[in-house]
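Trainee: Sharing a structure here in structure tokens format.
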Amino acid sequence: MSVPIRLTTPLSEKDLERLKIGDKVLLNGVIYTGRDAAHKRLFDLIQQGKELPLDIRGQVIYYVGPAPAKPGQAIGSAGPTTSYRMDAFSPKLMELGLRGMIGKGNRSKEVVAAMKKYKAVYFGATGGAGALIAKSIKKAEIVAYEDLGPEAIRRLEVEDFPVVVINDTKGNDLYEEGAKKYRKE
Amino acid sequence: MREVSINEIIPVVRSLFIEANYDLGRDVLDAFDRAIKSDESPVAKEVLEELKENARISREERVPLCQDCGLAVLFVELGQDVHITGGDLKQALNEGVRQGYKDGYLRKSACDPFARANTGDNTPAIIHYDIVPGEKIKIIVGPKGGGSENMSSVSMLTPAVGIEGVKEHVIKTLQEAGSNPCPPTIVGIGIGGTFERSALLAKKALLREIGTRNPDPKLAKIETDILEAINKLGIGPMGYGGNTTSLDVFLEMEPCHIASLPVAVNINCHSARHKQAVI
């Protein structure tokens, strides 16, 4: 694997344009959590023309519902959840300025096309490595929808949060390319 | 007749769920090691090393392997000469789940299907009972994550498709699941019975240790054939490409109706968590 690229959020157009599939990235700065229920609520607000509880321009959303923090921990285990369930909402969020998504698993054609159009990137985090990933999250605070429990939107401060570029701004897909390379007939 | 109080059962269930979520089985760790040696992809090796490191942190720091600590699935083999005292067995099993998920800092993932409101304590548990001879109670817990469960299926195939048709169906299921169920996965296949029975067989199959084969050589051959074919798909760990898409395939089979060929495919992520105790 390539030498990791260290990036700090919010991600600039220049940062995003140079990323290509398979690149290992260490994210620093602030990212926001959001999964099924939070996406539904954000989407409903957008449709009603109301203001969102966070400014998503240039931001990165991490699809995660963390385990509860034990005393002394910033956050409990916090690996990615499967991303396709957010597909219906993602193009709209990118249109509004979202520039990065972190999850695991395949995205729809529409989402990949929207990434190309709005110059956004989809990062993969290692699914099932929640205990390991939690080590790179230094602080977590709920910023919206506390009633959703693990699904609440949290603001995370991360240091060298490890991800891999799955879909870049050029429309490439690591899942397709990776499987092609190792497939045996 | 032996009397067993629910007060003996509750702490056992509590501790089984905590341990299942903190302590990945030796069989899975050994399978990671074998795959690190055999996989051609350097990226696959890196991902597998991360999974090993994750399991070490989980075990040593006593934190959950994965934030998805699963719905609480229990298999209870109840000896027919046991008399449960002190209360309702089902309530006791749920109380054990409640305490385990709270005290173990495990994520509660049970919710209302439409309102999506979390039940708050990971109950109700999914409990499968078997009445067996004897005066003991065996409890097996298998917390089950949602990502891999979502890629699972029950299909009523046409009997004419036979063994080859079943193999193709399972391989296609894994191909379509792709990176979603957190590969490398473990695949449970239930063949036969009725619609619901096949699903239960597939779920039970997932409780086997990696490397164990169905005692029937014909079925064992189907298991290894399917495993080999899945690992040729190239999906690899996390779907980044590689030769380790599944760690094992377990098949359980029972007779079915003359008109039917039920086939259930239950996919488990690499976080293949199960623990058991006998009371």
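Trainee: Please go through the range B:23-70 and pick out each residue that is hydroxyl-bearing (Ser, Thr, Tyr) and touching a residue at least 40 places away in the same chain (Cβ under 8 Å). Can you show your working first?
Mentor: At the first step, the residues of the range B:23-70 found to be hydroxyl-bearing (Ser, Thr, Tyr) are B:38, B:41, B:58.
Of everything in the range B:23-70, those that are hydroxyl-bearing (Ser, Thr, Tyr) and touching a residue at least 40 places away in the same chain (Cβ under 8 Å) turn out to be B:SER38, B:SER41.
Trainee: Within the range A:41-60, is there a residue that is in a loop (DSSP other than H, G, I, E, B), within 14 Å of chain B (Cβ to nearest Cβ) and in contact (Cβ under 8 Å) with a residue 60 or more places away in the chain? Before the answer, list the steps.
Mentor: First pass over the range A:41-60, keeping only residues in a loop (DSSP other than H, G, I, E, B): A:48-59.
Then keep just the ones that are within 14 Å of chain B (Cβ to nearest Cβ); that gives none.
No, the conditions are met nowhere in the range A:41-60.
Trainee: Report, ordered by the first and then the second residue, all pairs with beta carbons closer than 6 Å, sequence separation of six or more or different chains, a first member in the range A:151-172 that is over 19 Å from A:VAL30 (Cβ atoms) and touching a residue at least 40 places away in the same chain (Cβ under 8 Å), and a second member that is small (Gly, Ala, Ser) and part of a strand (DSSP E or B).
Mentor: A:VAL164/A:GLY124; A:ILE166/A:GLY124
Trainee: Do we find that B:GLY120 is part of a loop (DSSP other than H, G, I, E, B) and within 30 Å of B:ILE6 (Cα to Cα) in this structure?
Mentor: Details: part of a loop (DSSP other than H, G, I, E, B): yes; within 30 Å of B:ILE6 (Cα to Cα): yes.
Judged against the criteria, B:GLY120 is a match.
Trainee: How do the helices (runs of 4 or more DSSP H) wholly within the range B:142-205 filter down when requiring 3 or more residues that are more than 14 Å from chain A (Cβ to nearest Cβ): which remain?
Mentor: Numbers: elements: B:146-149, B:162-177, B:195-205.
So the answer is B:162-177, B:195-205.
Trainee: Here is a further query. Would you mind telling me which numbered condition in (1) buried (at least 19 other Cβ atoms within 10 Å of the Cβ); (2) free of Cβ contacts under 8 Å to residues at least 12 places away in the same chain; (3) more than 9 Å from every other protein chain (Cβ to nearest Cβ) A:PHE123 fails?
Mentor: So A:PHE123 meets the others, but not (2).
Trainee: Identify, by number, the condition in (1) of a type in the set (A, V, I, L, M, F, W, C); (2) in a loop (DSSP other than H, G, I, E, B); (3) farther than 23 Å from A:LYS116 by Cα that A:ILE21 doesn't meet.
Mentor: Of (1) of a type in the set (A, V, I, L, M, F, W, C); (2) in a loop (DSSP other than H, G, I, E, B); (3) farther than 23 Å from A:LYS116 by Cα, only one is false for A:ILE21: (3).
Trainee: Among (1) under 23 Å from A:LYS40 (Cα atoms); (2) surrounded by fewer than 17 Cβ atoms within 10 Å (Cβ to Cβ), there is one condition A:LYS138 misses while meeting the rest; what is its number?
Mentor: Of (1) under 23 Å from A:LYS40 (Cα atoms); (2) surrounded by fewer than 17 Cβ atoms within 10 Å (Cβ to Cβ), only one is false for A:LYS138: (1).
Trainee: Further question: Quick test for you: out of A:ILE133, A:ILE102, A:ILE166, A:ILE142, pick the one residue that is outside any strand (DSSP E or B) and within 28 Å of B:ALA55 (Cα to Cα). Lay out the reasoning, then the answer.
Mentor: Values: A:ILE102 fails: outside any strand (DSSP E or B); A:ILE166 fails: outside any strand (DSSP E or B); A:ILE142 fails: outside any strand (DSSP E or B).
Result of the check over A:ILE133, A:ILE102, A:ILE166, A:ILE142: A:ILE133.
Trainee: Given the conditions (1) closer than 30 Å to A:VAL164 by Cβ; (2) among the small types (Gly, Ala, Ser); (3) surrounded by 15 or more Cβ atoms within 10 Å (Cβ to Cβ), which single one is not true for B:GLY100?
Mentor: (1)
Here's the yes/no breakdown for (1) farther than 21 Å from A:VAL165 by Cα; (2) surrounded by 15 or more Cβ atoms within 10 Å (Cβ to Cβ); (3) among the hydrophobic types (A, V, I, L, M, F, W, C); (4) over 12 Å from the mean Cα position of the chain (by Cα):
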{"position": "A:GLY49", "(1), (2), (3), (4)": "yes, no, no, yes"}
{"position": "A:ASP55", "(1), (2), (3), (4)": "yes, no, no, yes"}
{"position": "A:GLY76", "(1), (2), (3), (4)": "yes, yes, no, yes"}
{"position": "A:THR82", "(1), (2), (3), (4)": "no, yes, no, no"}
{"position": "A:MET86", "(1), (2), (3), (4)": "no, yes, yes, no"}
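Trainee: Of all residues in the range A:166-185, how many are touching a Leu at 6+ places or on another chain (Cβ under 9 Å), surrounded by fewer than 17 Cβ atoms within 10 Å (Cβ to Cβ) and more than 7 Å from chain B (Cβ to nearest Cβ)? Working first, answer last.
Mentor: Kept after step one, since they are touching a Leu at 6+ places or on another chain (Cβ under 9 Å), are these residues of the range A:166-185: A:166-169, A:179, A:182-184.
In the following step, the residues that additionally are surrounded by fewer than 17 Cβ atoms within 10 Å (Cβ to Cβ) were identified as A:183-184.
Of the ones still in play, those that are also more than 7 Å from chain B (Cβ to nearest Cβ) are none.
Selection size over the range A:166-185: 0.
Trainee: I would also like to ask the following. Of the residues in the range B:259-273, how many are closer than 17 Å to B:GLY145 by Cβ, more than 14 Å from chain A (Cβ to nearest Cβ) and touching a Lys or Arg at 6+ places or on another chain (Cβ under 9 Å)?
Mentor: Qualifying residue count for the region: 1.
Trainee: While we're here: For the range B:228-243, enumerate the residues that are on the phi < 0 side of the Ramachandran plot and either buried (at least 18 other Cβ atoms within 10 Å of the Cβ) or assigned to a loop (DSSP other than H, G, I, E, B) (or both). Talk me through it step by step, then tell me what you get.
Mentor: First, the residues of the range B:228-243 that are on the phi < 0 side of the Ramachandran plot: B:228-233, B:235, B:237, B:240, B:243.
Matches in the range B:228-243: B:ALA229, B:ILE230, B:ASN231, B:LYS232, B:LEU233, B:ILE235, B:PRO237, B:TYR240, B:ASN243.
Trainee: What are the pairs, 6+ residues apart or on separate chains, where a residue within the range A:71-82 that is without any contact (Cβ under 8 Å) to a residue 12 or more places away in the chain has its Cβ under 7 Å from a residue that is surrounded by fewer than 24 Cβ atoms within 10 Å (Cβ to Cβ)?
Mentor: Between residues of the range A:71-82 that are without any contact (Cβ under 8 Å) to a residue 12 or more places away in the chain and residues that are surrounded by fewer than 24 Cβ atoms within 10 Å (Cβ to Cβ), there is no close pair.
Trainee: Here's another thing I want to ask about it. With respect to A:GLY79, determine if the residue is within 11 Å of another protein chain (Cβ to nearest Cβ), at pLDDT 95 or above and part of a loop (DSSP other than H, G, I, E, B).
Mentor: So A:GLY79 fits the description; yes.
Trainee: Which residues, taken from the range A:116-133, are of a type in the set (Gly, Ala, Ser) and out of contact with any His (no Cβ under 7 Å at 6 or more places or on another chain)?
Mentor: Our first condition is that a residue be of a type in the set (Gly, Ala, Ser); within the range A:116-133, this holds for A:120, A:124-125, A:127-131.
Correct list: A:ALA120, A:GLY124, A:ALA125, A:GLY127, A:ALA129, A:GLY130, A:ALA131.
Trainee: Answer with yes or no whether A:GLU146 is farther than 22 Å from A:GLU17 by Cβ, surrounded by fewer than 16 Cβ atoms within 10 Å (Cβ to Cβ) and not aliphatic (A, V, I, L, M). Reasoning before the result, please.
Mentor: Values: farther than 22 Å from A:GLU17 by Cβ: yes; surrounded by fewer than 16 Cβ atoms within 10 Å (Cβ to Cβ): yes; not aliphatic (A, V, I, L, M): yes.
Yes; evaluated as a whole, the condition is true for this residue.
Trainee: In addition: Does A:VAL30 fit the bill of being closer than 30 Å to B:LYS108 by Cα, surrounded by fewer than 16 Cβ atoms within 10 Å (Cβ to Cβ) and in contact (Cβ under 8 Å) with a residue 12 or more places away in the chain? Don't jump to the end; show me each part of the working.
Mentor: Details: closer than 30 Å to B:LYS108 by Cα: yes; surrounded by fewer than 16 Cβ atoms within 10 Å (Cβ to Cβ): yes; in contact (Cβ under 8 Å) with a residue 12 or more places away in the chain: yes.
For A:VAL30, the condition - closer than 30 Å to B:LYS108 by Cα, surrounded by fewer than 16 Cβ atoms within 10 Å (Cβ to Cβ) and in contact (Cβ under 8 Å) with a residue 12 or more places away in the chain - is met.
Trainee: What helices (runs of 4 or more DSSP H) lie completely within the range B:1-111 and have 1 or more residues being more than 13 Å from chain A (Cβ to nearest Cβ)?
Mentor: Helices (runs of 4 or more DSSP H) meeting the threshold: B:6-22, B:26-38, B:89-103.
The values are calculated or read from the model by the stated rules, or taken from the named source; none is laboratory data. Quick caveat, the model's predicted, so the values are computed rather than measured. A quick note on method: Cβ atoms are made from the backbone with ideal geometry, for glycine too, and the neighbour counts reach across all protein chains shown.
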